[in-house]
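Participant: Here's a structure for you.
The values are calculated or read from the model by the stated rules, or taken from the named source; none is laboratory data. What you are looking at is a predicted structure, and each value in this text was computed from that prediction instead of being measured. Cβ atoms come from the backbone with ideal geometry, glycine included; neighbour counts cover every protein chain shown. SASA here: full protein model, heavy atoms, side chains in, ligands and nucleic acids out. Shrake-Rupley method; radii C 1.70, N 1.55, O 1.52, S 1.80 Å.
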Amino acid sequence: MVLIDERFDENEKNLELLEQKTANNFKIAEKALLAHRDFLNQIDARLTVEEMVAAQAQKSFEERVVTQFDILESEIDLQSERLQTDFKKKLDNYQKYFEEDIVPSHLVKLEEQLKNLQSNVGEEND
C-alpha cells in the first residue's frame, strides 16, 4: 500500500506541476497575444495617421494646382488684354499713317499727274 500511496502522491505532484506549467504557458501565451494585439493596433494607428497625412497632402496638392491654374489663367487673360491693346494701338497708328501720310502724298502725286496730263492734252490740242 505504501507503494500505491507514493505513486498516488507522485502523480498528484506531477499533476499539480503540469497544471502550474500549463497555467504559466497560458499566461505567456496571453501576454504574447496581448503584445501582438497592441502591435497590430499600433500599426493600424500608424497606417491611419499615414492615410490622413496622405489625404491631407493630396488635398494640399490639389489646392496648389487649382491656385496655380487660377494664377496662370489670370496671367493669360492679362497678356491677352495687353496684346489686344497693343494691336489696337498699332492698327490705329497704321490707320493714321495711311490717312495722314500715304493717301495725301498719293493724292498730291495724282493731282500732279492729272495736271501734267491736262497740260499735255492742252498742248496737243494747240
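Participant: Largest first, please: the extent of the C-alpha atoms of region 29-126 along each principal axis, to the nearest Å.
Facilitator: Dimensions of region 29-126 along the principal axes of its Cα atoms: 139, 18, 8 Å.
Participant: Given R₀ = 35 Å, what would the calculated FRET efficiency be for PHE8 paired with LYS31, taking r from the Cβ atoms and rounding to 0.05? Please report the intermediate quantities before stating the final value.
Facilitator: Numbers: r = 35 Å, r/R0 = 0.99.
With a Förster radius of 35 Å, E is 0.50.
Participant: Using only Cα atoms, locate the centre of region 48-76 and the centre of region 1-24, then give the distance between them in Å, rounded to an integer.
Facilitator: The two parts, judged by their Cα centres, are 73 Å apart.
Participant: Using a 1.4 Å probe on the protein heavy atoms, what percent of the accessible area of the chain belongs to carbon and sulfur? If you can, show how the numbers build up before the last one.
Facilitator: Details: 7110 of 12150 Å².
Answer for the chain is 59 percent, counting heavy atoms of protein chains only.
Participant: Within the chain, how many lysine pairs that are 8 or more places apart, or on different chains, have C-alpha atoms less than 27 Å apart? Write down the numbers at each step before the final one.
Facilitator: Working: LYS13/LYS21; LYS13/LYS27; LYS13/LYS31; LYS21/LYS31; LYS88/LYS96; LYS90/LYS109; LYS96/LYS109.
So the count works out to 7.
Participant: Against the longest principal axis of the chain, how steep is helix 2-97, in degrees 0 to 90 to the nearest 10, with axes from Cα atoms?
Facilitator: So the helix axis and the longest Cα principal axis differ by about 0 degrees.
Participant: Solvent-accessible area per residue for region 34-126 at a 1.4 Å probe radius, Å²? If you can, show how the numbers build up before the last one.
Facilitator: Numbers: 8750 Å² over 93 residues.
Counting only protein heavy atoms, the per-residue value for region 34-126 is 94 Å².
Participant: Using a cut-off of under 20 Å, list every residue of region 59-84 whose amide N is near the label point 7 Å from the Cα of ASN93 along the Cα-to-beta-carbon line.
Facilitator: The answer is 79-84, whose backbone nitrogens lie closer than 20 Å to the label point.
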